[in-house]
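Worksheet: the structure to be examined is printed underneath.
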Amino acid sequence: MSKVYSHPTREGESPRLLMDHLDGVYHLMISEIETASLYMDFENLLGVDKKTLGFLVKAVAYFHDLGKATPEFQNKIMKRRFDRDRSKHAALGAFAIGKYLTQNVPKETQHLIPVIVSLLKRHHGQAENPGFGCDLDSDAELIEWQLLNLNKGFLDELRQKIDVPPLSKDELGDLVYDWQEYYEDFFLDNAEDVRPYLLYMYLSSLLRWADETDAAFRNKPLPKRDDLPETLVEDYRKAKGFDLPGADPMNLLRSKFYNLATSNIEFEVGTLKGPTGIGKTLTLLSLALRLRNKLKREGYIPRIIYCLPFLSIIDQTYDVTRKLFIETRRPDPTPNQLLQQHHLSEIDFCTDNEDENYEKYEADLLINSWNSELTNHICELLPFDFHKKEDPKILQDTGIHSSARRDSGNSHRILGPYWESYAATR
């Protein structure tokens, strides 16, 4: 095996071999695709079927860091003197995947080539319009040098994973011209089709997560999924005597609201509406737990993302949810079960397994990738429709005063399909 590395030495660890990194990224990405296929209609949402998406994922995973198998990047990894310009690695992978897709994709999906080329070129930066992002002419000199100095042993290993095409700098200009033509021809007639954009964002997000996760964890397993009791809210309400005879009139009103709102979970998008203090937080949590348990019985366990508009409300909702565990005599929830995620969050992550310890960089990654069963996150609105086999649900909390709207007593409205071309991926 060639001694070509993707990431430097860490305390107690050897440098990460580039081939091991590419294998790790591929397995993380393809496992997410398999999970997503349980609930996501790829063709309707992203414009490609599962087989094509798996083909693209493999190409993205194995070509994205091809430029690291060159001398100047290896000097950088090994902390030797290196040429900063020649150590840049994204352009070579973008060229290689473009040539690979040009030889392997059918005519009806050629418009995706500039999308994927742009994705790899910008996989450590901001997204760019593929019509310009696939232009590698400015990188021609770098690509030529890297092709001449590419590690041949590593290239032979890579060919055992994927069919690496022959690459020549001389064909770069013609290929870029063709890719831009594919892009312009498609969008001239399909200007309103946002699916290629969604595919770009989905694969970009997936690659970034898998890339960073493998770099951080290497051979260390990710935390195992945890449990959230479906009856958590019900048990809390019983412990507090919400439904007991002679209960406080306000609690009886809350119970009426709660029972009406949770009586039906057969909906796609719901808006929960009620005055301040009526119990929307507990009601939403109960609905989410019931929906999660329903999907669990059908073979898929979704995570719950509770989106809130202000930091103070995130902290308040976190405290309320944590209280449910404590007041029902359950152990204090770990971040693997309950998490608050915003820029002021404490960087700490643990599970109920005392043998699992996470460094700060690992904890930061787990927190920011919402690696918890229930995450409180800052987001004003989720304007997403889920085009999936078994749709995860969106519940929107609308806090209003009873004097503001005559229909404020409604517990939830079924809104039906929302926007036609958007979806949340994690």
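Going through (1) farther than 25 Å from residue 89 by Cα; (2) in a helix (DSSP H, G or I) one by one, residue 28 falls short only on (1).
Scanning segment 297-356 for residues that are of a type in the set (Phe, Trp, Tyr) and farther than 20 Å from residue 283 by Cβ, we see that the one that is nearest to the chain's Cα centre (by Cα) is 300. Considering every residue within segment 77-96, establish whether at least one is under 15 Å from residue 196 (Cα atoms), at pLDDT below 95 and either assigned to a helix (DSSP H, G or I) or not assigned by TED's automatic domain parsing to the domain that holds residue 205 (or both). No, segment 77-96 has no match at all.
Could you check how many residues of segment 303-360 are closer than 21 Å to residue 230 by Cα, of a type in the set (D, E, K, R) and modelled with pLDDT of 90 or more?
Of segment 303-360, the ones closer than 21 Å to residue 230 by Cα are 303-307, 317-340, 351-352.
Remaining after also requiring of a type in the set (D, E, K, R): 303, 319, 322-323, 327, 329-330, 332, 352.
Restricting the remaining residues to those that are modelled with pLDDT of 90 or more gives 303, 319, 322-323, 327, 329-330, 332.
Total satisfying the criteria: 8.
Taking the criterion of being in contact with a helix residue (DSSP H, G or I) (Cβ under 6 Å, 6 or more places away or on another chain), within 22 Å of residue 306 (Cβ to Cβ) and not hydrophobic (A, V, I, L, M, F, W, C), the residues of segment 236-272 that qualify are 236, 258, 262.
Wholly within segment 102-180, which helices (runs of 4 or more DSSP H) include no fewer than the required count, namely at least 1 residues that are among the hydroxyl-bearing types (Ser, Thr, Tyr)? Can you show your working first?
Details: elements: 112-121, 130-133, 140-149, 152-159.
Answer list for segment 102-180: 112-121.
Name the single residue that is surrounded by the most Cβ atoms within 10 Å (Cβ to Cβ) among those in segment 91-125 being of a type in the set (S, T, N, Q) and more than 22 Å from residue 191 (Cα to Cα).
Residue satisfying both the conditions and the ranking: 102.
Would you check which residues across segment 213-250 are outside any loop (DSSP other than H, G, I, E, B) and touching an Asp or Glu at 6+ places or on another chain (Cβ under 8 Å) and list them? Within segment 213-250, 216, 217, 236, 237, 239 qualify.
Looking at residue 129, is it in the same structural domain as residue 49 (by TED's automatic domain parsing) and either surrounded by 17 or more Cβ atoms within 10 Å (Cβ to Cβ) or in contact (Cβ under 8 Å) with a residue 24 or more places away in the chain (or both)? Give the steps one after another, and end with the answer.
Working: in the same structural domain as residue 49 (by TED's automatic domain parsing): yes; either surrounded by 17 or more Cβ atoms within 10 Å (Cβ to Cβ) or in contact (Cβ under 8 Å) with a residue 24 or more places away in the chain (or both): no.
Against the criterion (in the same structural domain as residue 49 (by TED's automatic domain parsing) and either surrounded by 17 or more Cβ atoms within 10 Å (Cβ to Cβ) or in contact (Cβ under 8 Å) with a residue 24 or more places away in the chain (or both)), residue 129 does not qualify.
When you scan segment 268-284, how many residues do you find that are in a helix (DSSP H, G or I) and free of Cβ contacts under 8 Å to residues at least 60 places away in the same chain? Final tally of qualifying residues: 1.
Based on this model, can you work out whether residue 265 counts as on the phi < 0 side of the Ramachandran plot, of a type in the set (A, V, I, L, M) and assigned to a loop (DSSP other than H, G, I, E, B)? It would help to see each step written out before you state the result.
Details: on the phi < 0 side of the Ramachandran plot: yes; of a type in the set (A, V, I, L, M): yes; assigned to a loop (DSSP other than H, G, I, E, B): yes.
Spelling it out, residue 265 is indeed on the phi < 0 side of the Ramachandran plot, of a type in the set (A, V, I, L, M) and assigned to a loop (DSSP other than H, G, I, E, B).
Within segment 85-121, the set of residues being farther than 16 Å from residue 179 by Cα and within 22 Å of the chain's Cα centre (by Cα) comprises just one member, 90.
Give me the residue from segment 333-361 that is touching a strand residue (DSSP E or B) at 6+ places or on another chain (Cβ under 7 Å) and of a type in the set (A, V, I, L, M) and, out of that set, surrounded by the most Cβ atoms within 10 Å (Cβ to Cβ). If you could, list the steps in order and put the result at the bottom.
Of the residues in segment 333-361, the ones touching a strand residue (DSSP E or B) at 6+ places or on another chain (Cβ under 7 Å) are 337-342.
If we keep only those that are of a type in the set (A, V, I, L, M) too, we end up with 338-339.
Details: 338: 22, 339: 24.
Across segment 333-361, the extreme among qualifying residues is 339.
Of the residues 305, 301, the single one that is crowded, with 19+ Cβ neighbours inside 10 Å, over 23 Å from residue 239 (Cα atoms) and assigned by TED's automatic domain parsing to the domain that holds residue 239 is 305. Every condition in (1) without any contact (Cβ under 8 Å) to a residue 40 or more places away in the chain; (2) in a loop (DSSP other than H, G, I, E, B); (3) within 19 Å of residue 288 (Cα to Cα) holds for residue 340 except the one numbered (2). Of the residues 232, 228, the single one that is closer than 22 Å to residue 338 by Cβ, crowded, with 17+ Cβ neighbours inside 10 Å and touching a strand residue (DSSP E or B) at 6+ places or on another chain (Cβ under 7 Å) is 228. A count restricted to segment 321-337 and to residues that are in a loop (DSSP other than H, G, I, E, B), more than 18 Å from residue 305 (Cβ to Cβ) and touching a residue at least 60 places away in the same chain (Cβ under 8 Å) stands at 2.
Which residue is surrounded by the fewest Cβ atoms within 10 Å (Cβ to Cβ), if the candidates are limited to segment 1-51 and must be modelled with pLDDT of 95 or more, among the hydroxyl-bearing types (Ser, Thr, Tyr) and more than 19 Å from the chain's Cα centre (by Cα)? The extreme case among them is 5.
The values are calculated or read from the model by the stated rules, or taken from the named source; none is laboratory data. Predicted model, so just to flag it, every value in this text is computed and none were measured. Glycine gets a Cβ as well: all are built from the backbone with ideal geometry, and neighbour counts include every protein chain shown.
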